[in-house]
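Take a look at the structure set out below.
The values are calculated or read from the model by the stated rules, or taken from the named source; none is laboratory data. Everything numeric in this text was worked out from a predicted model, so none of it was measured. So basically every Cβ, Gly included, is an ideal-geometry build from the backbone, and we count neighbours across all protein chains shown.
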């Protein structure tokens, strides 16, 4: 059984990030948590400490490459990081707007969901590689299997993370560093709470954290869940474009970033 001693989780102030922090919290475990809401983040860290872990939160934006590098390297100096979970992300789409996504929204989604992952990964990967051990889990989505018409930038950013992990895992195969991609369906969180459309097979964040932790424990490269939505998304990704387009026609759109209710995991 894998035993992690120092775990870094971004976007840990709510949703899956919070659930993962609480799942791993235990005596002998150090948790370095980041997010953009210090009040919620400190509440998560407090509950982790109550479970016996050493936990501290840091107000760091994953879009800020220099700030992320400084925070991550300082965290690793205190104790070598052996599990890194790049979880922070935002959700936005075309819902409520007439002309699709504007440029600002597209850049923001990619900056957080893709560049934010890279800013989280890059400082620690050389250190893990040098030590010959470590696990890195990158947050994608089932939406990364096929572009949905209601969320172009979101789907594309998650697909990029998924493809990057696939290549990275292969290139690091003999290094001792294992790379996982997490592809959840609908999970109860502040992000999905604002969706005004049906979300079939939605699961709670605690269940999602258990599935993710089990997948990492088993060294699964791709941790996609729940099973039926994951199978359907895989099929849509493999299906001929015309067929997939017909099947997805009329699917509901995610809320646009201009909607004040659009919320971030980080």
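Tabulated values for the structure
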item	result
Filter result for the condition that a residue is touching a residue at least 12 places away in the same chain (Cβ under 8 Å) and within 22 Å of residue 188 (Cβ to Cβ), over 35, 52	35
Enumeration of residues in region 128-149 that are touching a helix residue (DSSP H, G or I) at 6+ places or on another chain (Cβ under 9 Å), assigned to a loop (DSSP other than H, G, I, E, B) and farther than 19 Å from residue 88 by Cα	146, 147, 148, 149
Helices (runs of 4 or more DSSP H) within region 1-100 that include 2 or more residues surrounded by fewer than 24 Cβ atoms within 10 Å (Cβ to Cβ) and in contact with a strand residue (DSSP E or B) (Cβ under 8 Å, 6 or more places away or on another chain)	38-50, 65-78
Filter result for the condition that a residue is crowded, with 16+ Cβ neighbours inside 10 Å and closer than 14 Å to residue 178 by Cα, over 143, 137	137
Helices (runs of 4 or more DSSP H) completely within region 165-257 that count 2 or more residues being at pLDDT 85 or above and on the phi < 0 side of the Ramachandran plot	205-217, 227-238, 241-248
